[in-house]
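The values are calculated or read from the model by the stated rules, or taken from the named source; none is laboratory data. Computed from a prediction, not measured in an experiment: that's the story for all the values here. Quick reminder, even Gly has a Cβ in these numbers, built from the backbone with ideal geometry, and neighbours come from all protein chains shown. The accessibility values were calculated without ligands, DNA or RNA, using every heavy atom of the protein model including side chains. Shrake-Rupley method; radii C 1.70, N 1.55, O 1.52, S 1.80 Å.
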Amino acid sequence: MAEFFLVVNAGSSSIKFGLHETRPPFAAHLRGLIEGIGTAPRLRLRDAAGETVLERDWPAEGFDHARAIGEMLALEREALGGARVLAAGHRVVHGGLDFAGPVMVTPAILERLATLSPLAPLHQPHNLAPIRALAELVPGLPQVACFDTAFHRSQAPLVQEFALPRRMTEAGIRRYGFHGLSYEYIATRLPALGLADARVIVAHLGNGASLCAMRGGRSIASTMGFTACDGLMMGTRCGALDPGVLIHLMDSEGMDARALEALIYKEAGLLGVSGISSDMRALRASDAPAAGHAIALFVHRILREIGSLAAALGGLDALVFTAGIGENDAATRAEVAVGCAWLGLTLDTARNAAGEGRISADGARVSAWVVPTDEEGMIARHVAELLA
């Protein structure tokens with residue numbers, strides 16, 4: 001009888017899920033996306049080759065995360081036939097200081113993770129909702145929580161601190177870093193590229209964007225801090241912002257905490273600067289000056305942070321691009337490379353256009369690479385390790 005792991009990655013209005021093989025390389029047998037939860041729920045299910053095998057819509061009324069999980073299970077039972085799911089693995093954005101690696105979920109663990117929701121209010125509750133739903137719908141199914149913060153616990157304590165009163169640091173206000181599952185997967189790929197002990201900056205560029213400095217496959221520093229809104233400019237998130245701006249907006253426009261939260265998470269970034277879209281593809285296709293301006297600011301912020309992380313590493317040997325923009329937008333990669341010429345990076349135009357493997361010119365002092373990330377595969381690997 002065939003056996004699979006269920007991998008779940010839940011957001012505020014969507015749930016990505018997949019059935020993964022239980023042995024390396026933990027390939028996906030099926031991948032699905034239920035999006036528009038709360039507005040216009042719709043499903044797309046794809047097979048191992050990426051071909052769409054099913055699409056479905058539901059009425060919005062009463063369709064919450066629990067209902068989405070129920071529909072997901074029904075679809076998977078139908079698709080699996082006689083196969084069975086051994087365990088479920090979940091992406092959980094915040095593990096706080098308590099969790100430096102994946103854990104089997106128990107009621108006590110789930111309660112502890114819920115207390116971290118104030119540190120990631122737009123992510124954590126939605127990450128935990130499917131865990132609760134599965135516990136009710138499939139009692140006894142082992143569930144594993146995998147954290148986006150865990151990979152960065154290897155950073156030195158000093159690197160994780162803000163210059164705030166000690167009592168605040170001890171209360172948990174510090175730099176956590178995110179996108180850790182993506183970075184952890186890329187770290188597993190570095191030895192095959194000859195970069196096992198190299199000084200590497202990984203650029204996870206997508207709707208959410210960040211950089212991570214690695215040495216020996218371990219996180220040394222990252223651009224995201226206390227929240228997933230720090231660092232780089234993103235699709236709808238502002239990235240690093242002078243905190244005095246928020247105080248000014250409270251005084252001058254009467255904005256409260258929720259209004260500021262909406263501004264920095266949902267109304268800023270590429271969308272806010274361009275006034276057109278949060279999607280880099282739409283901005284690249286636009287002739288509007290505002291679109292070009294938004295792209296230029298996005299690249300500028302990346303270059304500023306690359307300089308910072310290169311300093312933290314004491315130099316740079318390689319730059320790795322990953323995630324949606326990093327893997328698919330040759331223009332952004334080229335613009336970043338031009339700004340990194342001072343570090344010794346030169347792209348090979350044909351390799352960059354192909355967008356696979358090494359894209360730097362032969363002889364470049366700093367090499368550049370495109371490495372597709374696989375957060376879901378990393379989660380499946382953690383599930384297998386814990387079950388073993």
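Here R358 passes the criteria (1) more than 23 Å from the chain's Cα centre (by Cα); (2) open to solvent by 20 Å² or more (accessible area, probe 1.4 Å) except the one numbered (1). With respect to (1) without any contact (Cβ under 8 Å) to a residue 40 or more places away in the chain; (2) under 20 Å from Y183 (Cβ atoms), the lone exception for G344 is condition (2). When every residue of segment 137-144 is checked against the conditions, at least one turns out to be part of a helix (DSSP H, G or I) and either modelled with pLDDT under 95 or acidic (D, E) (or both). The residue that is nearest to E21 (Cα to Cα), among those in segment 57-84 that are surrounded by 12 or more Cβ atoms within 10 Å (Cβ to Cβ) and among the acidic types (D, E), is E76. Of all residues in segment 309-335, those satisfying the criterion of being in contact (Cβ under 8 Å) with a residue 60 or more places away in the chain and of a type in the set (G, A, S) are A310, A312, G314, G315, A318, A323, G324, G326. Where helices (runs of 4 or more DSSP H) sit wholly within segment 281-388, none has at least 3 residues that are polar (S, T, N, Q) and closer than 30 Å to L19 by Cβ. None of A129, A133, A120 is in contact with a Gly (Cβ under 9 Å, 6 or more places away or on another chain) and crowded, with 16+ Cβ neighbours inside 10 Å except A133.
Among residues that are within 18 Å of A198 (Cβ to Cβ) and either hydrophobic (A, V, I, L, M, F, W, C) or touching a His at 6+ places or on another chain (Cβ under 9 Å) (or both), I379 is not included. Given (1) open to solvent by less than 40 Å² (accessible area, probe 1.4 Å); (2) in a helix (DSSP H, G or I), where does V273 come up short, assuming only one miss? The single condition V273 does not satisfy is (1).
Scanning segment 119-146 for residues that are under 16 Å from M104 (Cα atoms) and within 16 Å of the chain's Cα centre (by Cα) yields a total of 3.
Of all residues in segment 11-56, exactly one satisfies the criterion of being without any contact (Cβ under 8 Å) to a residue 24 or more places away in the chain, open to solvent by less than 50 Å² (accessible area, probe 1.4 Å) and among the hydroxyl-bearing types (S, T, Y), namely S14. Inspection of segment 280-289 finds no residue satisfying the criterion of being in contact with a Leu (Cβ under 6 Å, 6 or more places away or on another chain) and surrounded by 15 or more Cβ atoms within 10 Å (Cβ to Cβ).
With a cut-off of at least 1 residues that are basic (K, R), name the strands (runs of 3 or more DSSP E) lying wholly within segment 1-89.
Numbers: elements: 3-10, 14-21, 28-35, 42-47, 52-57.
Correct list: 14-21, 28-35, 42-47, 52-57.
In this structure, is G344 more than 24 Å from T188 (Cα to Cα) and either modelled with pLDDT under 95 or open to solvent by less than 40 Å² (accessible area, probe 1.4 Å) (or both)? So G344 fits the description; yes. Taking the numbered list (1) open to solvent by 30 Å² or more (accessible area, probe 1.4 Å); (2) without any contact (Cβ under 8 Å) to a residue 24 or more places away in the chain; (3) among the hydrophobic types (A, V, I, L, M, F, W, C); (4) over 24 Å from R365 (Cα atoms) in turn, V338 passes all entries but (4).
Here's the yes/no breakdown for (1) in contact with a Gly (Cβ under 8 Å, 6 or more places away or on another chain); (2) modelled with pLDDT under 90; (3) of a type in the set (A, V, I, L, M):
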| position | (1), (2), (3) |
| --- | --- |
| R42 | yes, no, no |
| R46 | yes, no, no |
| P59 | no, no, no |
| H65 | no, yes, no |
| E78 | no, yes, no |
| L86 | no, no, yes |
| R91 | no, no, no |
